[in-house]
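The next block holds one structure in the form of structure tokens; read it before the comments.
The values are calculated or read from the model by the stated rules, or taken from the named source; none is laboratory data. Worth saying up front: this structure is predicted, and the values here are computed from it rather than measured. A quick note on method: Cβ atoms are made from the backbone with ideal geometry, for glycine too, and the neighbour counts reach across all protein chains shown.
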Ligand code: SF4
Ligand code: FES
């Protein structure tokens, strides 16, 4: 029997989950990441979230993007640590992918950070962003767990 | 953002991008995006069990930690560093039932295992997601838990019965069919890697208990796909050790995409050897895979060969080696017989460089560069091959030709050097009971089906509606037989099955598997199976007992194993207790007086076993290379390319898809990458047919059709299309279009002329 993707997601999210998943995302501290005026499309901005041990990457994809914020809905951010074994990923502007140099996991920042190829078994955790007063703030973590941690909080 | 725009933007770009279909893109929404509150980690006093991965031939070591819910560790902040192998990914954790109680379990790649050292792939990383969990109605509905029987024929409903009733039902039908039509009326298709113990049980039952010789493995008809290697060495057993990937100077892969299938081997090669610049990689593949791109990026080569022409490429390289008088004379003189036949065979003009360039489609400079790399790294090269060669008609020729190339360059039995199959699944057969004499005339179970001679089938750990070729023609014939299914999940076979027996699987029973670098390990039971599911070997015991056939009274897995190892000198010292003690590193075969060689065909092996090769005369045999005299790629599959079927289709393995995908939909990391099968088609061929990237297409061959999403890309050359093997949606199964003819080594052929059109 083939489980439909929709059903499988229900299972993943609710029924069979090993841990509680009450909130849509883990609300964290509000941390300023960048000023809108300083962002250049496809030039990554590094920051840490939710604390120093967890590097993250902010990207202006230059066009409307899944879960993007900002005037063009083009700004997204992800945990920079590969979900496989934690090597720091880097943005490849030509492929428009986040690439892990260790065993070449390829993540797509335009599609919620899903892993397209390589050993990683999940998306990169997405850093939830808010725009206020011309600045971009990180406010929480959506999806999964940041590498190296047992909790995103 | 507007969904349509999102979809459009997401389809643009890289050559490695798989596609989301429109349906999938819609499903790609917030409801899947949930953050985890906190993950409970194994406490220090968790129960620990030794496992190996339930999937590929690499056979990575894992540990299962089991503890009471709520008693796990809670950690704040970052607790580990990159590449430590300590991080517990949320997918590693699940809840299961153990001894009737709900327990937490973490399935964690084992840092102590010498094979993976804490590493894992997208397949194995999902091991825990596949467990039968009381928490999930989805998983519960998917798993088989009780014996089911159609009591009144194909039109009656599947009814839950006791094991005793199910066994009696099978026993009666089998006995009757055997009496009326002879033993060969009973056909078997078995998963030949299936946890070792069940495989032995069913083969013994088939050959000795029932006396039938009608059988096929999953994906082959006769001979286990190693004929081209065993012709040289006397066995097809893989000869290398996992460490070789870190020390070899040159890796040559032909028709084997290790990055996607054999991942941990590739990880070790890439991270420790290729990327630091110590080794080079030549990848021979009709597709420009990620592995091929990485090979090129690091100073190696991608030889984008025209499918089915490998014997010509290998023959041309051998001819060039001989022309330069650059073969390993010492090795050849000492160990090789039949060398003259090779010399004489490659004189044929079809093996000249010019002719090879034309036939294989590989540019002259690339063939010459490959030659340079091979000569520079004589005696330090690993030549590996697998299904890309084995599932083409000239399988023997291709396999043997690459073997001979490696042999002449002395890449045998040395650190970082081998010629070998890489393999797909773990080794599951250590003892092969004697087959009934009727086998000589009964090699192809499809002939038996077509002639109406095969009246019953037991699909034993093998989805026969996926793993055999030409399903458009043969599935209806299989459906008509008295069909017994032993499996772990409900499948499309349910619709035609007369009896379904639920199998207790990985984690639910003590099992044994061996890695392709020859480590035998026990996979320990750490949880309860669903309902009344029992390990597959017990299915055999129950039916044999009902039929009154003696010799099947095993009471424990240990007893089955003892019977197996008594028949195989390589493993006879490996009793159950020493295997248990050996944990995730296991014991290696061949084992003599407690010692095993790291590599086959090495000085070490000669010292231990008193022989260097497994051929009768202890030599490497290359005389069968002479069959290449008759090889002409225009025969076979290319002979069917014509105006109606102008394209050549091949298949490949997806990284995230194991086997027939029986656990695919459990692991979101797998299915969200590839929610539908896709078909790689060159922009020229797509344009000529008005096919757009991302649209549904039909692939039609002279044998049948299947569906896929078009991915327009120069990953494949014009004239060649490729789609994943065994994609777990019935209408997207390539085997509905594959050829029925066994290859020259008895395997299935998944290269087929076709046409592709939009729907
Ligand atoms: S490489 Fe093979 S054995 Fe290792 S984790 Fe992946 S599927 Fe399992
Ligand atoms: S750590 Fe990123 S792919 Fe392995």
*Which of (1) touching a strand residue (DSSP E or B) at 6+ places or on another chain (Cβ under 7 Å); (2) closer than 20 Å to residue B:726 by Cβ is the odd one out, the single condition residue B:196 does not satisfy?*
(2)
*Which members of the range A:93-118 meet the condition of being surrounded by fewer than 24 Cβ atoms within 10 Å (Cβ to Cβ) and more than 9 Å from chain B (Cβ to nearest Cβ)?*
A:93, A:99
*Please work out if residue B:720 is touching a helix residue (DSSP H, G or I) at 6+ places or on another chain (Cβ under 7 Å) and either surrounded by fewer than 23 Cβ atoms within 10 Å (Cβ to Cβ) or outside the structural domain of residue B:121 (by TED's automatic domain parsing) (or both).*
no
_Looking at residue B:661 and the list (1) within 27 Å of the chain's Cα centre (by Cα); (2) farther than 24 Å from residue B:711 by Cβ, which single condition is not satisfied?_
(2)
*When you go through (1) over 28 Å from residue B:313 (Cβ atoms); (2) at pLDDT below 95 one by one for residue B:566, which number turns out not to apply?*
(2)
*Pull up the range B:472-495, narrow it to residues that are farther than 25 Å from residue B:176 by Cα and either touching a helix residue (DSSP H, G or I) at 6+ places or on another chain (Cβ under 6 Å) or in a loop (DSSP other than H, G, I, E, B) (or both), then point me to the one that is farthest from the other protein chains (Cβ to nearest Cβ).*
B:472
_Residues of the range B:138-158 that turn out to be out of contact with any helix residue (DSSP H, G or I) (no Cβ under 6 Å at 6 or more places or on another chain), within 17 Å of residue B:529 (Cα to Cα) and within 14 Å of chain A (Cβ to nearest Cβ), as a count_ = 8
*Could you tell me whether the range B:53-75 includes any residue that is touching a helix residue (DSSP H, G or I) at 6+ places or on another chain (Cβ under 7 Å) and within 16 Å of ligand 2 (Cβ to nearest atom)?*
yes
_Can you find, within the range A:51-84, the residue that is nearest to residue A:145 (Cα to Cα) among those that are crowded, with 24+ Cβ neighbours inside 10 Å, facing another protein chain (nearest Cβ under 9 Å) and free of Cβ contacts under 8 Å to residues at least 60 places away in the same chain?_
A:84
*Assess whether residue B:469 counts as being more than 29 Å from residue B:213 (Cβ to Cβ) and not in a strand (DSSP E or B).*
no
_Qualifying position, being surrounded by fewer than 24 Cβ atoms within 10 Å (Cβ to Cβ) and in contact with a helix residue (DSSP H, G or I) (Cβ under 7 Å, 6 or more places away or on another chain), among B:546, B:525_ = B:546
*Which residues, counting only those in the range A:91-142, are more than 16 Å from ligand 2 (Cβ to nearest atom), part of a loop (DSSP other than H, G, I, E, B) and free of Cβ contacts under 8 Å to residues at least 40 places away in the same chain?*
A:94, A:133
*Within the range A:67-90, how many residues are within 9 Å of ligand 2 (Cβ to nearest atom) and part of a loop (DSSP other than H, G, I, E, B)?*
7
*Within the range B:650-677, how many residues are farther than 14 Å from residue B:260 by Cβ and more than 9 Å from chain A (Cβ to nearest Cβ)?*
6
*Mind listing whichever residues of the range B:426-445 are assigned to a loop (DSSP other than H, G, I, E, B) and out of contact with any helix residue (DSSP H, G or I) (no Cβ under 7 Å at 6 or more places or on another chain)?*
B:426, B:443, B:444
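Matching residues to (1) buried (at least 24 other Cβ atoms within 10 Å of the Cβ); (2) modelled with pLDDT of 95 or more; (3) within 23 Å of residue A:120 (Cβ to Cβ):
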| position | (1), (2), (3) |
| --- | --- |
| B:109 | yes, yes, yes |
| B:114 | no, yes, no |
| B:118 | no, yes, yes |
| B:122 | yes, yes, yes |
| B:127 | yes, yes, yes |
| B:138 | no, no, no |
| B:141 | no, no, no |
*Which of the residues that make up the range B:38-70 are more than 14 Å from chain A (Cβ to nearest Cβ), surrounded by fewer than 18 Cβ atoms within 10 Å (Cβ to Cβ) and not in a strand (DSSP E or B)?*
B:44, B:45
*Please find, among B:423, B:448, the residue that is crowded, with 19+ Cβ neighbours inside 10 Å and not in a helix (DSSP H, G or I).*
B:423
*Would the range B:130-144 turn up any residue that is within 16 Å of ligand 1 (Cβ to nearest atom) and outside the structural domain of residue B:667 (by TED's automatic domain parsing)?*
yes
*residue B:329 passes all but one of (1) free of Cβ contacts under 8 Å to residues at least 24 places away in the same chain; (2) buried (at least 24 other Cβ atoms within 10 Å of the Cβ); which number fails?*
(2)
